[in-house]
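Asker: Before we start, here is the structure in question, set down as structure tokens.
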Amino acid sequence: MWFIIDDQMADDRRIRRLPLATVGLWVKLCVIHSKGISMQAKDPAAYPGYFDKLDLKDAGGTMKQLQQLIDMGLMEERGGGWRPVYAEGICKEPKTLTEEQREARRKAGSKGGRRKAANQKAKQPSSNLLANSQANGEQNSGETGSETSSKLLEDSQAKTWHKTDTYTDIPSPTPPASISKQTDTPDAGFDRFAEAYPGSVGAKGRKTEAEARALYAAIAGNPVELTRLQTALRRYKSAVNDGQIRSGHIPRLNTWLRDQWETWAPEPITPTRQHKHTWNCEHVHQLMDPHEDEYDHTGSLRDGHPSEWWKACQACADELNNQQETSKEKQ
């Protein structure tokens, strides 16, 4: 028996509103139930038709998570436990096969296996057939082995020609060149952001939606602020999914972008101001102080005649600044 998840499951609103851990628990419980139904078909006493608290605990789940699934309509109470609700667009209800159906599948699988083996034998490369025939020919006369190998080679080529209408040594077609990813547009970025927002956005083209779109564009123009906004949305969704914010208290997207998003965003990182070396900074002193006695201190910077010591320290500061700029450019 198979438990089949619909490929549109991730887009379902009920699934999107659940925490990822709860979705994982839902999958495990559905698998447990499907396995139980399969066992029940062979022995009615093997499974009561629902899972209980012990099964929930074995799956690593909690009653809080189970209640979230019940609230979303994905689980229901049954007897002394619970069972999945198979909703359209999320999953398909497993079907129990009868003994006749199982036997028919077994025969079909056996027949398919024999057909696959025959096809693989027909596809055996002519070089392998030639090698096998030459090995067998060593036991017979050289002439007989040569004739046999030639016949096998011709038969193999004939089979291959009949199957593909071409020779097998034609090179494989070159795969198409990859298409470069198109640059994302602000509208596309807003649409994805609005879809991920747990609250209402407003009708497309209306005042609230237009305001939200404009606010998003103003924030997204700065890559640093856009990163903060995306982090704020993840934190806000997590708080909603965990029940910290009730569904009735979620504002529309334009209100959230205007008044609340920075509350959920990480603090902006203030770039550190780059130090500029001067003749009297500590870095220059660390380098020049051991050589101070080598320079003349006579002179006045105010009078326009700096000392040799000042000139040497300033030259050292200029060199350190140049090295700093060079290092920054390489990064």
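Asker: Against the condition among the aromatic types (Phe, Trp, Tyr) and either in contact (Cβ under 8 Å) with a residue 60 or more places away in the chain or at positive phi (or both), how does Trp2 come out, does it pass?
Answerer: yes
Asker: I want to confirm something. Restricting to region 284-331 and keeping residues that are under 20 Å from Gln274 (Cβ atoms) and of a type in the set (Val, Ile, Thr), which single residue is surrounded by the fewest Cβ atoms within 10 Å (Cβ to Cβ)?
Answerer: Result: Thr326.
Asker: Moving to a separate point now. Against the definition (over 30 Å from Phe190 (Cα atoms) and not in a helix (DSSP H, G or I)), how does Thr298 come out, yes or no? Talk me through it step by step, then tell me what you get.
Answerer: Working: over 30 Å from Phe190 (Cα atoms): yes; not in a helix (DSSP H, G or I): yes.
So Thr298 fits the description; yes.
Asker: Can you tell me how many residues in region 10-59 are of a type in the set (A, V, I, L, M, F, W, C) and open to solvent by 30 Å² or more (accessible area, probe 1.4 Å)?
Answerer: Count: 12.
Asker: While we're looking at this one, here's another question. Pairs under 7 Å by beta carbon, first residue among the aliphatic types (A, V, I, L, M) and outside any helix (DSSP H, G or I) in region 219-231, partner open to solvent by 30 Å² or more (accessible area, probe 1.4 Å) and modelled with pLDDT under 90, six or more apart or different chains?
Answerer: Pairs found: none.
Asker: Being assigned to a helix (DSSP H, G or I), at pLDDT 70 or above and over 39 Å from the mean Cα position of the chain (by Cα) narrows it down to one residue among Lys121, Lys107; which is it?
Answerer: Lys107
Asker: Yes or no: region 69-86 includes at least one residue that is open to solvent by 70 Å² or more (accessible area, probe 1.4 Å), more than 21 Å from Asp6 (Cα to Cα) and not in a loop (DSSP other than H, G, I, E, B).
Answerer: Yes, that holds for at least one residue.
The values are calculated or read from the model by the stated rules, or taken from the named source; none is laboratory data. Small disclaimer: the values here were computed from a predicted structure and weren't measured. FYI the Cβ positions are ideal-geometry reconstructions off the backbone, even for glycines, and counts take in every protein chain you see. Heads up: the accessible areas ignore ligands, DNA and RNA and are worked out on the full protein's heavy atoms, side chains in. Shrake-Rupley method; radii C 1.70, N 1.55, O 1.52, S 1.80 Å.
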